[in-house]
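Participant: Once you've had a glance at the structure underneath, I'll fire off some questions.
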Amino acid sequence: MERESLLATLIVISGGLVLQLFAAWPSHRLDDSPSRRLEVLSWCALWWPAAAALTVAAWLCGWALSQPDPVPGHVSGLIFVVATPFLIIGGRAVLRSAWSLCHSPRGFGIATVGFLHPQIVVAPELEQILDARALRAALAHERTHVLHRDPLRIWLAQFVTDLQWPWGTAQRRFTDWLAILELARDDEARAGGIDGADLAAAVLGSVRFQIRMSGAAATLIGRPEALPGRIARLLGPLPAGAAAPAIETPYVALTCALLLVWVCAIGLGLACGQPLIDTLLAINLS
Ligand SMILES: [Zn+2]
């Protein structure tokens, strides 16, 4: 069998199994930490099933590097049957992402759209609903979405969540992150001098306007079910720690740690992958 075909099939099966296994893990209960810290933690929680799946894929790539092409021995056609459900889940995730890319979000009052060069778009009717202070607050909130490229992050987060379909725990992590994202952007705007009451007025004005929002855009109102708590939060004092500088270090440190893990996984696959693959596939590839 061609080495790359076997490798791709094994990556689909093992990656799919690991994603499903880790997706079932219950959501972490969030504490009262500053919103920026919670946003980092919930963002990482979205991705760790995918990081685990990529580690297994790296190990398989290491194993493939030690194999001749084509691989000797016979591989049962059963592995293609096993791979089929994971291919369907992956295909569904790709289709949903493509749909999101091809369809511009509509029905919003104010939102940040665009992946590489995000822009703030405001419905003309909303400018008539909001007073100057509320509009300034809404624009400040959306500017923080631009700064963090949130439409792209929402699109990627939706994709990795779809790869873990149909687990409700994965969907819960996604909706939790979306809610925390809005709180973090509120706090960031307020730390920049925006009054919480003005932002609350902007959110409520936008709710009156907004009909239905879909697609990978970062809106002002976020998840409707989180609105009551968010408005109460905006009308209270700015939470402690919200004005602290942005936390970028964990992302850099985590990325470096993951790269190191993947390099080690490739090395392990290269050095000792064959016995395990032989056992799993019940063949002798040597
Ligand atoms: Zn927002």
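The values are calculated or read from the model by the stated rules, or taken from the named source; none is laboratory data. If you're wondering where the values come from, they're calculated on a predicted model, not measured in any experiment. When we count neighbours, we look across all protein chains shown, and the Cβ atoms used for this are built from the backbone with ideal geometry, even at glycine.
Participant: Can you work out which of the residues in the stretch 102-117 that are out of contact with any Pro (no Cβ under 8 Å at 6 or more places or on another chain) and hydrophobic (A, V, I, L, M, F, W, C) is farthest from the ligand (Cβ to nearest atom)?
Facilitator: Kept after step one, since they are out of contact with any Pro (no Cβ under 8 Å at 6 or more places or on another chain), are these residues of the stretch 102-117: 102-110, 116-117.
With hydrophobic (A, V, I, L, M, F, W, C) added as a condition, the list becomes 102, 108, 110, 116.
Working: 102: 23, 108: 10, 110: 9, 116: 19 Å.
Going through the qualifying residues, I end up with 102.
Participant: If you go through the stretch 158-185 one residue at a time, how many are closer than 25 Å to residue 104 by Cβ, in a helix (DSSP H, G or I) and not small (Gly, Ala, Ser)? Outline the logic, then answer.
Facilitator: Going residue by residue through the stretch 158-185, those that are closer than 25 Å to residue 104 by Cβ are 158-163, 165, 171, 174-175, 177-179, 181-182, 185.
Keeping just the survivors that are in a helix (DSSP H, G or I) gives 158-162, 171, 174-175, 177-179, 181-182, 185.
Next cut, not small (Gly, Ala, Ser) only: 158-162, 171, 174-175, 177-178, 181-182, 185.
The total comes to 13.
Participant: Is it fair to say residue 232 is modelled with pLDDT of 90 or more, in a helix (DSSP H, G or I) and more than 14 Å from the ligand (Cβ to nearest atom)? Working first, answer last.
Facilitator: Numbers: modelled with pLDDT of 90 or more: yes; in a helix (DSSP H, G or I): yes; more than 14 Å from the ligand (Cβ to nearest atom): yes.
Spelling it out, residue 232 is indeed modelled with pLDDT of 90 or more, in a helix (DSSP H, G or I) and more than 14 Å from the ligand (Cβ to nearest atom).
Participant: Could you list, ordered by first residue, the pairs with Cβ atoms under 8 Å in which the first is in the stretch 149-167 and more than 18 Å from residue 117 (Cα to Cα) and among the hydroxyl-bearing types (Ser, Thr, Tyr) and the second is away from the ligand (no atom under 16 Å from the Cβ) and assigned to a helix (DSSP H, G or I), at least 6 apart or interchain?
Facilitator: 161/46; 161/170; 161/171; 161/173
Participant: Condition (residue is at pLDDT 90 or above, assigned to a helix (DSSP H, G or I) and either under 25 Å from the mean Cα position of the chain (by Cα) or hydroxyl-bearing (Ser, Thr, Tyr) (or both)) applied to the stretch 197-214: is it met by at least one residue?
Facilitator: Yes, that holds for at least one residue.
Participant: Mind checking which residues of the stretch 55-87 are under 18 Å from residue 276 (Cβ atoms) and small (Gly, Ala, Ser)?
Facilitator: Once the filter is applied, which keeps residues that are under 18 Å from residue 276 (Cβ atoms) and small (Gly, Ala, Ser), the stretch 55-87 yields 57, 58, 62, 64, 66, 73, 76.
Participant: Do you know which of the residues in the stretch 3-45 that are polar (S, T, N, Q) and closer than 30 Å to residue 274 by Cβ is surrounded by the fewest Cβ atoms within 10 Å (Cβ to Cβ)? Outline the logic, then answer.
Facilitator: So in the stretch 3-45, the residues polar (S, T, N, Q) come out as 5, 9, 14, 20, 27, 33, 35, 42.
Filter again for closer than 30 Å to residue 274 by Cβ, leaving 5, 9, 14, 20.
Details: 5: 14, 9: 18, 14: 18, 20: 20.
That would be 5.
Participant: For the stretch 106-119, which residues satisfy the criterion of being surrounded by 19 or more Cβ atoms within 10 Å (Cβ to Cβ) and not β-branched (Val, Ile, Thr)?
Facilitator: The answer is 108, 109, 111, 118.
Participant: What pairs come out if I take residues in the stretch 178-206 that are touching a residue at least 60 places away in the same chain (Cβ under 8 Å) and more than 20 Å from residue 150 (Cβ to Cβ) and pair them with residues that are within 13 Å of the ligand (Cβ to nearest atom) and assigned to a helix (DSSP H, G or I) whose C-beta lies under 7 Å away, six or more apart or interchain?
Facilitator: The qualifying pairs are 195/137; 198/137.
Participant: If we keep just the residues of the stretch 163-184 that are within 16 Å of the ligand (Cβ to nearest atom) and of a type in the set (A, V, I, L, M), which is surrounded by the fewest Cβ atoms within 10 Å (Cβ to Cβ)? I'd like the intermediate steps shown before the answer.
Facilitator: Of all residues in the stretch 163-184, those within 16 Å of the ligand (Cβ to nearest atom) come to 174-184.
Among the residues that remain, those that are also of a type in the set (A, V, I, L, M) are: 178-181, 183-184.
Working: 178: 18, 179: 20, 180: 22, 181: 25, 183: 22, 184: 25.
Among residues in the stretch 163-184 that are within 16 Å of the ligand (Cβ to nearest atom) and of a type in the set (A, V, I, L, M), the one surrounded by the fewest Cβ atoms within 10 Å (Cβ to Cβ) is 178.
Participant: Hey, could you check the stretch 71-105 for residues that are among the polar types (S, T, N, Q) and either surrounded by fewer than 16 Cβ atoms within 10 Å (Cβ to Cβ) or touching a strand residue (DSSP E or B) at 6+ places or on another chain (Cβ under 9 Å) (or both) and say which is modelled with the lowest pLDDT? Break it down into steps so the answer makes sense when it comes.
Facilitator: Pass one, the stretch 71-105, residues among the polar types (S, T, N, Q): 76, 84, 97, 100, 104.
In the following step, the residues that additionally are either surrounded by fewer than 16 Cβ atoms within 10 Å (Cβ to Cβ) or touching a strand residue (DSSP E or B) at 6+ places or on another chain (Cβ under 9 Å) (or both) were identified as 76, 84, 104.
Working: 76: 78, 84: 96, 104: 70.
Checked the stretch 71-105; the qualifying residue modelled with the lowest pLDDT is 104.
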